[in-house]
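Notes for the one structure printed next.
Coordinate-derived values only; no laboratory data. Keep in mind the model is a prediction, meaning the values are calculated, not measured. Glycine also receives a Cβ, built like all others from the backbone with ideal geometry; neighbour counts cover every protein chain displayed.
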Amino acid sequence: MDYKKIFLKLHPDFFKDPEILTLPEDYVFSELIMDLRQKACSELQLTYPQEITFDFYKGDFEKLQQAIAHVDQDWCQFFDADSKVFCAFEGDKIVAFCALDQMGLVDGLKIGGPGCVGTLPQYRKKGIGLEMVRRASEILRQQGFDLSWIHWTHLADWYGKLGYEPVLKWNCKGFLAFDLKDSDILQALRESREEN
């Protein structure tokens with residue numbers, strides 16, 4: 001599968017964006033995928049505090065913006081009142097969030113993914129964010145998405161706990177050389193592609 005081609009179809013002119021061009025060259029990011037046709041996140045058993053619940057956000061947009069700003073002020077620009085946002089709650093308090101994005105259809109593959117994944121600092125390292133992303137990925141699978149794509153991250157190991165695999169690395173100059181392993185998911189993608 002040509003991940004560079006998919007990336008550039010999903011994000012045309014990405015490497016011409018002034019925000020990308022001005023990043024320090026030593027900032028290296030990964031693109032990750034999970035083949036939702038092959039893996040079901042529902043099989044994973046994660047631990048997190050029992051009082052935490054998960055659902056799509058249906059409340060006041062200003063309250064959501066406050067939670068986002070508490071994690072990363074710059075992310076507020078990526079959310080609006082119509083954004084589909086999946087959250088973790090303690091009571092009615094948002095403690096973690098992610099945009100659940102439909103990224104597009106490329107080469108017959110329906111691609112979506114959780115984006116701007118954030119957990120309030122006092123709720124980190126408790127399994128809440130990981131469980132939220134697991135559930136969000138499972139929702140995408142149930143909605144018929146083929147691939148879940150994590151865009152622009154430096155947390156490949158963290159997402160890897162759920163089965164996400166790195167497929168590309170990049171910095172402000174463009175794609176970097178990346179040695180892909182013949183993992184189960186990548187092999188399954190190749191076999192699936194050859195059958196079609």
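By definition, a body whose alpha carbon gyration tensor gives a ≥ b ≥ c is oblate when a/c is 1.5 or more and a/b is not larger than b/c, and segment 1-48 fits this oblate description. If you take the charge dipole of segment 16-134 about its Cα centre, with +1 on Lys and Arg Cβ and -1 on Asp and Glu Cβ, which of Gly118, Ala88, Leu46 is farthest toward its positive end? Ranked along the dipole, the leading option is Leu46.
Shape descriptor for the chain: Rg over Rh equals 0.96 (Cα atoms; Rh from the Kirkwood inverse mean 1/r).
In a reduced charge model with +1 at each Lys and Arg Cβ and -1 at each Asp and Glu Cβ, segment 17-59 shows a dipole moment near 340 debye about its Cα centre. Of all aspartates and glutamates in the structure, those lying under 19 Å Cα to Cα from Lys110, and not within fewer than 8 positions of it along the same chain, are Asp2, Glu31, Asp35, Asp101, Glu138, Asp146, Glu165, Glu191, Glu194, Glu195.
Using θ = phi - 60° in the Karplus curve 6.51 cos²θ - 1.76 cosθ + 1.60, the 3J(HN,Hα) couplings for segment 144-160 round to x, 6, 8, 10, 9, 10, 9, 9, 6, 10, 10, 10, 4, 5, 5, 5, x Hz; x is entered for Gly and Pro. Close amide-amide hydrogen proximity is noted between Val95 and Ala88, Phe89, Glu90, each under 5 Å apart and 5 or more residues distant or on a separate chain (H modeled in the peptide plane; Pro and chain starts excluded).
The trypsin sites (Lys or Arg not before Pro) of segment 73-123 that DSSP puts in a loop, and whose beta carbon has at most 16 other beta carbons within 10 Å, are Lys84.
Annotation: the antiparallel percentage among DSSP beta bridges lying fully within the chain is about 95. Using Cβ point charges alone (K and R +1, D and E -1), the dipole size of segment 60-105 about the Cα centre works out to roughly 120 debye.
In order along segment 40-56, the Karplus-derived 3J(HN,Hα) couplings, from 6.51 cos²θ - 1.76 cosθ + 1.60 at θ = phi - 60°, round to 10, 5, 5, 6, 6, 10, 10, 9, 7, x, 5, 6, 7, 10, 9, 5, 6 Hz, and Gly and Pro are given as x. For segment 1-75, the tally of Lys pairs with Cα-Cα distances below 27 Å comes to 5, considering only residues 8 or more apart or on different chains. Each Lys and Arg contributes +1 and each Asp and Glu -1, all at the Cβ; summed about the Cα centre of segment 1-143, the dipole is approximately 520 debye. Quick check: the distance between the Cα centres of segment 48-101 and segment 122-175, to the nearest angstrom? Using only Cα atoms to place each centre, the spacing works out to 17 Å.
Counting only alpha carbon atoms, the long axis of helix 61-71 and the longest principal axis of the chain meet at about 70°.
Evaluating kT/(6 pi eta Rh) at 20 °C and 1.002 mPa s, with the Kirkwood radius of segment 43-140 over Cα pairs in the Stokes-Einstein relation, gives 155 µm² s⁻¹.
Against the chain, whose longest principal axis is taken from its Cα atoms, helix 128-142 shows a tilt of about 60°. The phi torsions of segment 88-99, fed into the Karplus equation with coefficients 6.51, -1.76 and 1.60 and a -60° offset, translate into couplings of 10, 10, 10, x, 9, 8, 6, 10, 7, 7, 7, 6 Hz, rounded to whole numbers, with Gly and Pro shown as x. Less than 5 angstrom separates the built amide H of Asp101 from those of Gly113, Gly115, all sequence-distant by 5 or more or on a different chain. Calculated on C-alpha atoms, the gyration radius of segment 41-80 divided by its Kirkwood radius gives an Rg/Rh of 1.09.
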